[in-house]
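The values are calculated or read from the model by the stated rules, or taken from the named source; none is laboratory data. Every value quoted in this text rests on a predicted model; they were computed, and no experiment measured them. Every residue, glycine among them, receives a Cβ derived from its backbone with ideal geometry; neighbour counts consider all protein chains shown. Accessible surface is based on the protein model in full, side chains and every heavy atom, while ligands, DNA and RNA are left aside. Shrake-Rupley method; radii C 1.70, N 1.55, O 1.52, S 1.80 Å.
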Amino acid sequence: MSVESKFLSQFGEELYLPSSKTTVKTKDVLSGKIVMIYFSAHWCPPCRRFTPMLMEFYNKLKSTDSNQPFELVFCSLDRSQAEYDEYVSDFPWHCVPFADTKDLRTKLAMTYKAQGIPHLVVVDNNPNKRSVITQDGTTEVQMDPLGNNFPWTPQTFDELLPKQLITKDGLVDTVSSLDGKYVMLYFSAHWCPPCKMFTPKLCEAYKTLKASSVADKFELLFVSSDRDEESFQEYYGSMPFWAIPFEEREAKGKISKKYGIRGIPSLLILGPVPNDGGDRPVINASLRGIIEGGNDLVSEFPFHPKPYADLAGGDADGINDHRSLVVFCENEDDEEQAEIVQMIQKISQEMVDDNAYSSDMKFFYATQPGGMVDAVRKVLKLENKRDTVVMVLLDIPDNGGYYLSDETDLSEDKIRQFIKDPGVRQQLKP
C-alpha cells in the first residue's frame, strides 16, 4: 500500500458533508491536498469556544485564491450520535461519520496524538510522505486568524541552529560540519541529578562510537538547560562532544519545543537531510535506554527503534500510548526465556516487514522481576501469577482496556492468534 493510500484509508471510504447531508469518497476530497484534522466534541467547552474561530478561519481561507489547496476533516470524540449530529450541523467542512467508526476515530486520535481537545493537526500534501506539519494548529489559528502563514511550515532543524557550534578544538561552521551526518541531541543541565548520573555513561558511549567505523557518520550536540554561562562551562568541561553555544538561548528554546522536550536528560538522534530536501527525520527520540542498556552501540548505529523491548531493562517506551503485547516470563529458565524472546522478536519484526506493524502496536517481554516489570504487573493485578507465563494485550489508549490470555505454553501460532483475536476485554481499575 502506498503512503498516500495508507493515509487516506485512515479516514474510511467516505466522509460526511453536513451542509448537503451527503457522503463523498475520501480520496476525491483529500487526494493531493493539505489536510487539517480537527479533533473535538460537543461536550467540551474549550472546543465550543474554538470551533467558531476555526469556522471563520476556514471560510476566509477557502475564499482566497490560495496556491495550496486544503481540506479540513472533523474527527468526533462525541459520546453519542445525537451529540455528533447537533455539533456538526453547521460545519462547512467534511467529517468522519459517527456511526460504526469508533475504532477508526480512536485510532486517528492515537495516531495524531489527540490527548486533549480541541486538537488541530496539519498534514502536508506530499503523497510520498504525508508528514505532520504541525500538531498545534489550534495555537496557529489563534495567532494567525487570516492564514497569512498557512500551513505554518516550521523551520527545519538546520534553520534553527546558530551559524557556529562549539567543539573541543574551537568553533566550527554549522552547515559544513553537519552536512551528510546524523546528529544526536543531548538535552541536559548541570543542576539536574539524573543528568549528572547519565552524562558519564553518554561520554563513554560517545568515545566508543568515535573510535569505531561510524566515527565520521555523526556528531553529538549538547543542548544546555543550565541557568548561567558559568554552570554551562563547568558542565561542558566534562564532555568530549560538541555543543550549541550557551548564549544561543532562542535557538535552544525553539529546538526543545520542536522535539517536544519536557524533561531532562533527553537524548535523540536525527538523520541526515534527505536527498530531496526538507527536514532531518527523527530516527529515534528515546536513546537513553539504548545507551544505558549495554548494547553493542556500533552494530546498532544509527539506532532505529526496534518493535520490541525487555521491560526488565526499564524500557517501557510507548506502553501508555499504544496497544501493547506483554509476555511475563520472569520465572522461566534461561532456555525457555530465550525461546519466548525469540518468538516475540520474530513476530514483531515480521509485522514490520509485512507493513502490518503500525504505530498503535508495541511488543514487550519481561525476563526479570523488579522495577518496571513489577509496576506493570501491579497495574494488571497479576502479582500472584508469577509461577507461569502470562500473556497480556494491554490497550491503555482504549480507556484502560486489556485482554488476558489463558495460554501458558506459548508458540508462534498462539501468539499470532491472540493478537488477532484476544478475546474478552477487561478494564483496568485504579
Top-ranked residue in the stretch 129-154 [being of a type in the set (A, V, I, L, M, F, W, C) and at negative phi; ranked as modelled with the highest pLDDT]: Val141
Output the residue which, of all residues in the stretch 173-190 that are open to solvent by 50 Å² or more (accessible area, probe 1.4 Å) and in a strand (DSSP E or B), is nearest to Ala285 (Cα to Cα). Tyr182
Residue ID - surrounded by the fewest Cβ atoms within 10 Å (Cβ to Cβ), chosen from residues in the stretch 305-323 that are within 17 Å of Leu380 (Cβ to Cβ) and over 15 Å from the mean Cα position of the chain (by Cα): Ala312
Tell me yes or no: at least one residue of the stretch 276-293 is in contact (Cβ under 8 Å) with a residue 12 or more places away in the chain, open to solvent by less than 60 Å² (accessible area, probe 1.4 Å), touching a Lys or Arg at 6+ places or on another chain (Cβ under 7 Å) and assigned to a loop (DSSP other than H, G, I, E, B). no
From the list Asp90, Asp158, Asp100, exactly one residue is open to solvent by 50 Å² or more (accessible area, probe 1.4 Å), among the charged types (D, E, K, R) and under 17 Å from Thr26 (Cα atoms). Which is it? Asp100
Among the candidates Ile269, Ile261, single out the residue that is under 19 Å from the mean Cα position of the chain (by Cα), among the β-branched types (Val, Ile, Thr) and part of a loop (DSSP other than H, G, I, E, B). Ile261
Conditions: (1) assigned to a helix (DSSP H, G or I); (2) surrounded by 13 or more Cβ atoms within 10 Å (Cβ to Cβ); (3) under 26 Å from the mean Cα position of the chain (by Cα); (4) among the charged types (D, E, K, R). Glu83 meets all but one. Number of the miss? (3)
Residue list for the stretch 1-36, restricted to those being crowded, with 17+ Cβ neighbours inside 10 Å, closer than 20 Å to Ser80 by Cα and not hydroxyl-bearing (Ser, Thr, Tyr): Phe11, Gly12, Glu14, Leu15, Leu17, Pro18
Positions within the stretch 161-172 being exposed (fewer than 13 other Cβ atoms within 10 Å of the Cβ) and outside any strand (DSSP E or B), in sequence order: Lys163, Lys168, Asp169
If we keep only residues of the stretch 41-75 that are of a type in the set (Asp, Glu) and not in a strand (DSSP E or B), then the residue surrounded by the most Cβ atoms within 10 Å (Cβ to Cβ) is Glu56
Those residues that are free of Cβ contacts under 8 Å to residues at least 60 places away in the same chain and either touching a Cys at 6+ places or on another chain (Cβ under 9 Å) or open to solvent by less than 50 Å² (accessible area, probe 1.4 Å) (or both), I need them from the stretch 405-417; list them, please. Ser405
